[in-house]
1. When the Karplus curve 6.51 cos²θ - 1.76 cosθ + 1.60 is applied with θ = phi - 60°, which whole-Hz ³J(HN,Hα) does each residue of the stretch 51-68 get, with x for Gly and Pro?
2. Tell me, what HN-Hα J-couplings in whole Hz come from the Karplus equation 6.51 cos²θ - 1.76 cosθ + 1.60 at θ = phi - 60° for each residue of the stretch 130-135, using x for Gly and Pro?
3. As an exercise, take the mean of 1/r over every pair of distinct alpha carbons in the chain, invert it, and state the Kirkwood radius in angstroms.
4. I need the phi-derived Karplus couplings for the stretch 22-32: 6.51 cos²θ - 1.76 cosθ + 1.60, θ = phi - 60°, integer Hz, Gly and Pro marked x.
5. What length, rounded to one decimal in nm, is gained on full extension from Val34 through to Ser125, with 0.36 nm per residue of separation minus their alpha-carbon distance?
6. Give, in nm to one decimal, the length gained when the segment between Ser60 and Asp145 is fully stretched (0.36 nm per residue of separation minus the Cα-Cα distance).
7. Distances over 21 Å make up what percent of all Cα-Cα pairs in the stretch 70-166?
8. Express as a percent, rounded to the nearest 5, the fraction of DSSP beta bridges in the chain (both residues included) that run antiparallel.
Amino acid sequence: MKKSLLTAILFLFVLNLSAQTVYETSVDPKNPTVKILKGVITKYILENDSSFNWYASSQSIYMPDTAIVTVLKKAKDSVQFILFGGTWCDDTQYILPKFFKLQEASGIDDNAISFFAVDRDKKTSGNIADAFHITNVPTIIVMKDGKELGRVIEYGKTGYWDKELADIIRNN
């Protein structure tokens, strides 16, 4: 487990250094009008592709809580985030645009975020989703010094995914 986690983290580091976006595009077999991305992506792909019109509408209805922004702002130079989401997934479509709005409000650099798009089987290139034991999306993992501090899966345990994210950071 430790070896696969270290390998995954090394892979993420190399990807961030090279600033490459490597992903596959396919059509959802359950709904041919839905575009599925699989692999390493960025928020900009979702923002700029008209296939993902849910991105802007979901982001526009979210106003980040100032207390949560403050927690993330204080930690912005010491934590990293690993995201797993599915472009086909309603929960991803609702939460991740809001996460990115929170990221921007907190001043967290894009390079502190590694974003993996998964297919309907929750798989991605290089078996990264398997290495992180991803079973549901979206999953937001908070990392510090190469170690996982915690994760929020879907809406979290309380339904307040953003508060839970801040609690992970505050408590570590």
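The numbers here are math on the coordinates, done by the rules we state, and not lab data. What you see is a predicted model; the values in this text were computed from it and never measured.
1. Per-residue couplings from phi come out as 5, 10, 5, 5, 4, 5, 5, 5, 5, 5, 8, 10, 10, x, 5, 4, 5, 5 Hz.
2. Result, ordered by residue: 5, 4, 9, 6, 7, 10 Hz.
3. After inverting the mean inverse Cα-Cα distance, the result is 16.2 Å.
4. 10, 8, 10, 10, 8, 9, 5, x, 7, 8, x
5. Result: 30.8 nm gained on full extension.
6. Working: separation 85, 0.36 × 85 = 30.60 nm, distance 3.27 nm.
Between Ser60 and Asp145, full extension yields 27.3 nm more.
7. So the pairs more than 21 Å apart make up 27 percent of the total in the stretch 70-166.
8. Numbers: 20 of 25 bridges.
Counting only bridges with both partners in the chain, antiparallel ones make up about 80 percent.
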